[in-house]
Amino acid sequence: MSSDAQLVFMTTNHKHLLDPALIRPGRVDVQEYFGNAVSEQVIQMLKHFFPDVTEETCSLFSSLVPDNSLSMAELQGMFLLHKDNLESLIDAVRDCDLPQI
């Protein structure tokens, strides 16, 4: 029995381990890849949490988080932990020892 106007979201970190019958066309019609954060997303999130942030601080912060080094969830978690203090957020990112590209 089929229902119209329903969406089902499935997520995995290991698509290659799924049985092909599970993700065949008709069962899974759209596949999207959500990668790690890139600088534009990092800056957007910074401006969301700290609306009065300067462009200079945006550039600095973006340089501390190389593209594809953190997931959006990891980044959001850091922002939530330091939502009241931009300086502590910057210090926390510096302490993460992220690979600098």
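The values are calculated or read from the model by the stated rules, or taken from the named source; none is laboratory data. All values derive from a computational prediction rather than experimental measurement. So basically every Cβ, Gly included, is an ideal-geometry build from the backbone, and we count neighbours across all protein chains shown. The protein model used for the area step is the full one, side chains on, heavy atoms only, and it has no ligands, DNA or RNA in it. Shrake-Rupley method; radii C 1.70, N 1.55, O 1.52, S 1.80 Å.
Mind listing just one residue for me: the one in segment 1-53 that is among the aliphatic types (A, V, I, L, M), open to solvent by 80 Å² or more (accessible area, probe 1.4 Å) and assigned to a loop (DSSP other than H, G, I, E, B) and, of those, modelled with the highest pLDDT?
Of segment 1-53, the ones among the aliphatic types (A, V, I, L, M) are 1, 5, 7-8, 10, 17-18, 21-23, 28, 30, 37-38, 42-43, 45-46, 53.
Next cut, open to solvent by 80 Å² or more (accessible area, probe 1.4 Å) only: 1, 5, 7-8, 10, 17, 30.
Filter once more, keeping what is assigned to a loop (DSSP other than H, G, I, E, B): 1, 5, 7-8, 10, 30.
Working: M1: 53, A5: 78, L7: 84, V8: 83, M10: 87, V30: 90.
Among residues in segment 1-53 that are among the aliphatic types (A, V, I, L, M), open to solvent by 80 Å² or more (accessible area, probe 1.4 Å) and assigned to a loop (DSSP other than H, G, I, E, B), the one modelled with the highest pLDDT is V30.
Quick check, is F79 in contact (Cβ under 8 Å) with a residue 24 or more places away in the chain and loosely packed, with under 10 Cβ neighbours inside 10 Å?
Values: in contact (Cβ under 8 Å) with a residue 24 or more places away in the chain: yes; loosely packed, with under 10 Cβ neighbours inside 10 Å: no.
Judged against the criteria, F79 is not a match.
Spot the failing condition for L86; the list is (1) surrounded by 12 or more Cβ atoms within 10 Å (Cβ to Cβ); (2) free of Cβ contacts under 8 Å to residues at least 12 places away in the same chain, and only one is missed.
Of (1) surrounded by 12 or more Cβ atoms within 10 Å (Cβ to Cβ); (2) free of Cβ contacts under 8 Å to residues at least 12 places away in the same chain, only one is false for L86: (2).
Among (1) closer than 29 Å to E87 by Cβ; (2) within 19 Å of the chain's Cα centre (by Cα); (3) open to solvent by 100 Å² or more (accessible area, probe 1.4 Å), there is one condition E56 misses while meeting the rest; what is its number?
(2)
Mind checking whether some residue in segment 59-79 is over 13 Å from the mean Cα position of the chain (by Cα) and part of a loop (DSSP other than H, G, I, E, B)? Lay out the reasoning, then the answer.
Step one: list which residues in segment 59-79 are over 13 Å from the mean Cα position of the chain (by Cα), which gives 59-64.
Those left that are additionally part of a loop (DSSP other than H, G, I, E, B): none.
No, segment 59-79 contains no residue that is over 13 Å from the mean Cα position of the chain (by Cα) and part of a loop (DSSP other than H, G, I, E, B).
Go through segment 24-51 and count every residue that is hydrophobic (A, V, I, L, M, F, W, C) and touching a Ser or Thr at 6+ places or on another chain (Cβ under 9 Å). Talk me through it step by step, then tell me what you get.
Step one: of segment 24-51, the residues hydrophobic (A, V, I, L, M, F, W, C) are 28, 30, 34, 37-38, 42-43, 45-46, 49-50.
Filter once more, so that each one left must be touching a Ser or Thr at 6+ places or on another chain (Cβ under 9 Å): 34, 37, 42-43, 46, 50.
Selection size over segment 24-51: 6.
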